[in-house]
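Please read the structure below before turning to the comments.
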Amino acid sequence: MTNPLDALAQEVAACTTCPRLVAWRTAVGEDPPARYRGQEYWSRGVPGFGDPDPWLFIVGLAPAAHGANRTGRMFTGDRSADFLVAALHRAGLANQPESTSRSDGLRLTGCRMSAVVRCAPPDNKPTTTERDACIPFLARELDLCPRSRVVLCLGGFAWDGVLRVLAAAGHDIPRPKPKFAHGAEAAIGPITVLGTYHPSQQNTFTGRLTPDMLDAVLQRARGIAAP
């Protein structure tokens, strides 16, 4: 019998619901930059990755065109992945500080990485229609990880998506609606939602998000989840 998370992963990879995203993810793989020329791109929906029974559930915006869209694994093969996984390793949640390919041996313990949208969008900007079409995958994945006490949102798009998922699940969202910020925290039902700036090059190269800042958020997440 197929594991429910594995079955969901197969559905995500096979999804062709959004024509614009399907066209983009395919075109990117057919004409990659020189540094990736000759590599076979995944160019499909990207499933979540990590511990099947996590206490920490990490949510990003969408796969990067030459990161997860190339490698087929969330936060793998780009600078954002380097920054995030190095932090997870420092926090004792990853067995190694690099995330370069599906065959690199990376294992996550106690955490799982996912995204609101599962296909790489042009300019990293999914439409609201694409978000709404894809967000049920996130809802199902989170539902299949009932021990997740903390959901860490990488950026405002992820924060909004997670609040939508929790509201649809019947949890009362505080009023006024919690606003995203680095270090933002909101208790919603049995889950604590935390916010951090996305580990994009734009944020990490400019110092808007530093390793110490991300380490502090992960330390806070562990403190919340500790019995």
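When the chain is described by a simple charge dipole with +1 on each Lys and Arg Cβ and -1 on each Asp and Glu Cβ, the residue from Ser101, Pro190, Gly207 located farthest towards its positive end is Gly207. Separation of the range 157-204 and the range 1-56, taken as the distance between their Cα centroids, equals 24 angstrom.
With all pairs of different alpha carbon atoms counted, what Kirkwood hydrodynamic radius in Å does the range 9-49 show? In the range 9-49 this quantity evaluates to 11.0 Å. Using equal-weight Cα scatterers in the Debye expression, the normalised intensity of the range 24-79 in log10 at q = 0.19, 0.21 Å⁻¹ is -0.64, -0.75.
Only helices enter this figure: runs of n ≥ 4 DSSP H residues, each worth -39500 (n - 2.57), summed and divided by the residues of the chain, yield -12000 deg cm²/dmol at 222 nm to the nearest 500. Hydrodynamic estimate: the Kirkwood radius of the range 159-205 over Cα pairs, inserted into Stokes-Einstein at 4 °C and 1.567 mPa s, corresponds to D of 112 µm²/s.
Considering only Cys111, Ser43, Gln10, and ranking their Cα positions along the charge dipole of the range 4-225 that arises from unit charges at the beta-carbon of Lys, Arg, Asp and Glu, the one farthest toward the positive end is Cys111. For the range 102-179, the fraction of alpha-carbon pairs lying more than 21 Å apart is 34 percent, rounded to a whole number. Scanning residues 5 or more positions from Ala94 or on other chains, those with amide H under 5 Å from its amide H are His89, Thr109, with H placed 1.01 Å from N in the peptide plane.
For the chain, the relative contact order comes to 21 percent (Cα pairs under 8 Å, sequence separation of at least 6).
Taken over the chain, the percentage of Cα pairs per 5 Å bin, counting from 0 up to the bin with the maximum distance, is 1, 7, 15, 20, 22, 18, 11, 4, 1, 0, 0. Summarised as an ellipsoid, the range 1-105 has semi-axes of 23, 19, 11 Å, derived from the eigenvalues of the Cα gyration tensor scaled by 5 and square-rooted, with the largest first. The peptide list 170-181, 100-111, put in order of mean Cβ contacts within 10 Å with the highest first, becomes 100-111, 170-181. In terms of the mean number of neighbouring beta-carbon atoms within 10 Å, the peptides 26-34, 14-22, 132-140, 83-91 order highest first as 83-91, 132-140, 14-22, 26-34.
Every number here is computed from the coordinates shown, using simple stated rules; none is lab data. Keep in mind the model is a prediction, meaning the values are calculated, not measured. Quick reminder, even Gly has a Cβ in these numbers, built from the backbone with ideal geometry, and neighbours come from all protein chains shown.
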